[in-house]
Every structure is written in C-alpha cells, then in structure tokens.
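A.B. asks: Before I ask anything, here is the structure I am working with.
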Amino acid sequence: MITKSEYIRIAKFTLVLLIMLAFSYGVQVGLFGFSPNQNMFNEAYLFNGFFALASFVVLVLLSRVFPGITGFAFMVGSGLKFLVFFSVFYPVYHADGQISSVEFASFFVPYAIALCVELLLFVKN
C-alpha cells in the first residue's frame, strides 16, 4: 500500500518530470527543428518518461521495505533502459550505417533529463 507521503512524492516527481520533458521537447522541436515524426522522437520521449516514472515508483516503494537495495534497483533500471535502447532504438537509428547527432539527441536528451530528475528528486527525500 502506498502511503500518503509516498503518493505526494510520486505526484511531485510526475509533475516535475512532465514539465521538464515538455520543455525539452518544445526546445528540440521549436528551436532546433527536430521533426516529431522522425527518428522515433515521440517514442523516445514516451519511453523515457514512462520508464522513469515506473522506476521512481519502484525505488520509492523499495526504499521503504528494502532500503539497502535501492542503489542496486536503480542500476537495474538503468540497465533495462539501455537494453531497450540497444534492442529497439539502436537498430532503427543505425539502419543507414551511422547514428546522426539528431538521432542521438532524440533518445539521449529525454534520457538524460529523466535520469537527472529521477536522481535529484529521489535523493532529495
């Protein structure tokens, strides 16, 4: 069962993550001219956002029951993100034999933002 304080913590995380990812998405599309329909751009943002939220929820719940393994659980979550990147995104990005900077940024900008928000808000509390 999720306690009220855990629910509030997860809600704060969700709000901050949505704001940061929406801002980043707008900057990449508006200022840098990324096309949302190319390079699995939308999929990368959705995957990173949802996976960061799921990872954060697991970390919050684990920290109450098994506080000693939260670091290990965080590393497992990061490993799963890279597994999905190399099994789903990498083949699409590397289909032409190289990964362009736009393709790289399409995945790793939302990944880095979600990772930073996850780390900062988890460690903060």
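A.B. asks: Convert 20 °C to kelvin, take the viscosity as 1.002 mPa s, use the Kirkwood radius over C-alpha pairs of region 23-124 as Rh, and evaluate the Stokes-Einstein diffusion coefficient in µm²/s, rounded to a whole number.
C.D. replies: Working: Rh = 14.6 Å.
For these conditions, the coefficient is 147 µm²/s.
A.B. asks: Now for a separate question. Can you give me the angle between helix 101-124 and the longest principal axis of the chain, using Cα atoms only, in degrees from 0 to 90, rounded to the nearest 10?
C.D. replies: That works out to roughly 10 degrees.
A.B. asks: Turning to a different aspect of this structure: Per residue of region 26-42, what does 6.51 cos²θ - 1.76 cosθ + 1.60 with θ = phi - 60° give for ³J(HN,Hα)? Whole Hz please, x for Gly and Pro, Karplus curve as stated.
C.D. replies: x, 5, 5, 7, x, 8, 9, x, 5, 8, x, 9, 10, 6, 6, 4, 4
A.B. asks: Counting pairs of alpha carbon atoms under 8 Å apart in space and at least six apart in sequence, what relative contact order in percent does the chain give?
C.D. replies: Details: 71 pairs, mean separation 50.9, N = 125.
Computed value for the chain: 41 percent relative contact order.
A.B. asks: Once R0 is set to 22 Å, what does the formula 1/(1 + (r/R0)^6) return for the Cβ-Cβ distance between residue 76 and residue 35, expressed as a FRET efficiency to the nearest 0.05? Numbers along the way, then the final one.
C.D. replies: Numbers: r = 33 Å, r/R0 = 1.52.
That pair, residue 76 with residue 35, gives E of 0.10.
A.B. asks: Suppose R0 equals 30 Å. What FRET efficiency, 1/(1 + (r/R0)^6) with r the Cβ-Cβ distance, do residue 66 and residue 20 give to the nearest 0.05? Numbers along the way, then the final one.
C.D. replies: Working: r = 28 Å, r/R0 = 0.94.
Efficiency at R0 = 30 Å is approximately 0.60.
Every number here is computed from the coordinates shown, using simple stated rules; none is lab data. Note that the coordinates shown come from a computational prediction; the quantities given were computed from them, not determined experimentally. Neighbour counts are summed over all protein chains in view; Cβ atoms, including those assigned to glycine, are modelled from backbone coordinates with ideal geometry.
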